1. Any residue at all in the stretch 310-320 that is modelled with pLDDT of 95 or more and closer than 15 Å to Asp282 by Cα?
2. Give Lys62, Lys100 a once-over and let me know the one that is in contact with a strand residue (DSSP E or B) (Cβ under 9 Å, 6 or more places away or on another chain) and among the basic types (Lys, Arg).
3. Keeping to the stretch 347-365, report how many residues are at pLDDT 95 or above and not β-branched (Val, Ile, Thr).
4. Please find, among Thr582, Thr591, the residue that is buried (at least 16 other Cβ atoms within 10 Å of the Cβ) and among the β-branched types (Val, Ile, Thr).
5. Please work out which one of (1) closer than 20 Å to Asn475 by Cβ; (2) loosely packed, with under 12 Cβ neighbours inside 10 Å is the condition Ser234 fails and give its number.
6. I'm checking my understanding of the structure. Among residues of the stretch 591-618 that are among the polar types (S, T, N, Q) and in a loop (DSSP other than H, G, I, E, B), which one is nearest to the chain's Cα centre (by Cα)?
7. Can you say whether Phe199 is assigned by TED's automatic domain parsing to the domain that holds Thr32, part of a strand (DSSP E or B) and buried (at least 18 other Cβ atoms within 10 Å of the Cβ), as far as the supplied structure shows?
8. How about the stretch 135-170: which of its residues are more than 21 Å from Thr186 (Cα to Cα), more than 27 Å from the chain's Cα centre (by Cα) and among the aliphatic types (A, V, I, L, M)?
Amino acid sequence: MKKLLTFLFLLMYSVTYSQSGVGYLNYTIYNTNGSSYRNSYPNSDADFVNLFNTSNGATIYKSGTTTAYNALYYYQTFFTGVPNGAGYFGIQTTGWFVPKETGTYTFGIDGDDAVDFLLDGVVVTSFYGPHGFGGYRYGTVNLVAGRAYALKARFQQVGGGWGLYVIWKRPSQSTYSLQSDECYSTSPSTPTKKAVANFNFNTNITPTTFSISSPLSTAGLIDITTNLDSTKISNGYIGKITSGQVEWSYVNFFNGVTTLYVDMRQFGNTTPSSVNSVSILDVYSGPVTFRTSDGTWAQYTVPSTLPKVLDGTSLYNSNIRNAGYNNYAFSCNVSFGSNMVYKTQSITLTTTSNLTTLYNSIVTVSDVYMAFQEYSNQGLFGNQNGSSFTYGIQYQNADINDDGIFNEADCFNLLQNLTGTKTLVDTFNLNKTVRLIPQTRYDSIGKSNWNTFINPLGSTYSFDINTGKSTDTINLSVAWKGDVNLSHSTTPKSNNITTMSVRTMSVSNEIQSTIMSELVGDSVVVIITLNPLSHQVVGTQFIINYDNSLLKFSTIKFTTNGNPSNFGTDKGTYVNVGSLITDGTTTLDNTTSYKISFKTLTKLNNIFGLISVSGTDAVSQNGTQLKIRLI
């Protein structure tokens, strides 16, 4: 029974991974008995290279592919048939390491005799010299999820016991183990970069009516991975500075600036100005900026203080020399390769909403009144901020002609849209009505700096996915042209720039209205009356739908107190009607009424279903948006 269970376990293990990829690594057993370094115990990367170099007398005894566990965690019996009766040989394991997480990985190694572990040619951790198993030696390295790193582990045996143990923990883990799903025997294809778009809509917008290839979720989220172009392109060159014998490079720290110097003789056909990224031992990996070259040294600015150099925690301290005067020289090898990056990505928002209809609720009488109120409070010379706008994005929404100035012209553009004289845009589409703005930028737009932010109208957003993350989340705020009171735009977060909240509607901000319709001869008459209750109402708006197959708009008669700007516009399927007082001379009282007449196109016995209300809005003298309750 025990033999059967063992067989089943091995069978299950063998089908878990394909021997051509994940879960497997390659190994080479070297016979070092004939090497001129047979009695030398490696004390560095270079010593192992010399030991296994066939030009120095070593020979390849056996090679193949085995499980990652066998290749990185063995003690004597895991490899059988080793040369020289288990004396004077070594094993080199190679493959690819593809981390599951981005962040700091910690690797541990133990062995008998000399052992080391490398990623992309850089020693992460080692236990050099002659010894038995003596406990793990640890090293850390920052890795990017999904990226393939060349893996190498080496072990040397002279005589006696032998073996190698390699373990590690991911950034999120607290315990060490050998995790085969991060090991590959062959170079894996570059995994698809993943991304999620998060559109922060106002609660008055329905996210599911918007799409990027497919509809957004009710929360405004959508996985855009399939929209990404995961093909990488060359973007200059990356310089790789690994341990060596000659000081081909050094860094200088002066006035908070780190300058990297690379000997010009190392570049070959590579142009120094084309190098925009660098990997320096285990002390830095990332972008650099080319400064100049004087024929002897190419100079680059490094956006880091290189703490491992300054505090002496680098695993390559023996390769780093303090040359004085804030200079540190590296004994190294220098090579160059293409710096492959993702292209700039873009996504385009579409909608099934009728934007003309949607705009009836986005830009209303409340927006127009608030714009006039803000403009009238700009001081004697018109160069101050008023008290009606709370956020900088309100100025950008109110800047109808997009000239970076909010003024009287913008207010009258809003008024013309309200009265039907001229619409805000010539064509209602997303490219002309919406702004997609990164959330962090959106929350930084203030009342004093709003016109310094470039946030063009448009439904397409471009972004960079060279972030080092396996999955990027693109957080976007949504703002609408003309949405002065932010009734349908994202509400910015409160911070040092904005600390108040936008006015919102509530039950206490409610007025009343009645709408009655009747058939009078060959006409249908709709009468709207207003009851402002205790509010000082200065603006009203009603969207009255009608069946244009049976009715034809005729006239509107206004009954209003004082001298408001009354407006009534026929839009073919609905009538936009209301009043606006911007000079503060009076308010709309309970004598206010609107009488809208339609001619019938055929004889009607009843008018049920021919007239409906699709939107209402009102605003008080202090700029508060009011809710109209129809009774």
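1. Here is the first cut: in the stretch 310-320, the ones modelled with pLDDT of 95 or more are 320.
Next, from what is left, pick out any that are closer than 15 Å to Asp282 by Cα: 320.
For the stretch 310-320, residues modelled with pLDDT of 95 or more and closer than 15 Å to Asp282 by Cα: present.
2. Testing whether each residue is in contact with a strand residue (DSSP E or B) (Cβ under 9 Å, 6 or more places away or on another chain) and among the basic types (Lys, Arg) leaves just Lys62.
3. 1
4. Numbers: Thr591 fails: buried (at least 16 other Cβ atoms within 10 Å of the Cβ).
Result of the check over Thr582, Thr591: Thr582.
5. (1)
6. Here the residue is Thr592.
7. no
8. Listed by number, the residues that qualify are Val158, Leu164.
The values are calculated or read from the model by the stated rules, or taken from the named source; none is laboratory data. Everything numeric here is computed off the predicted structure, so don't read it as measured data. With ideal geometry, Cβ positions are generated from the backbone for all residues, glycine too; neighbour counts draw on all protein chains shown.
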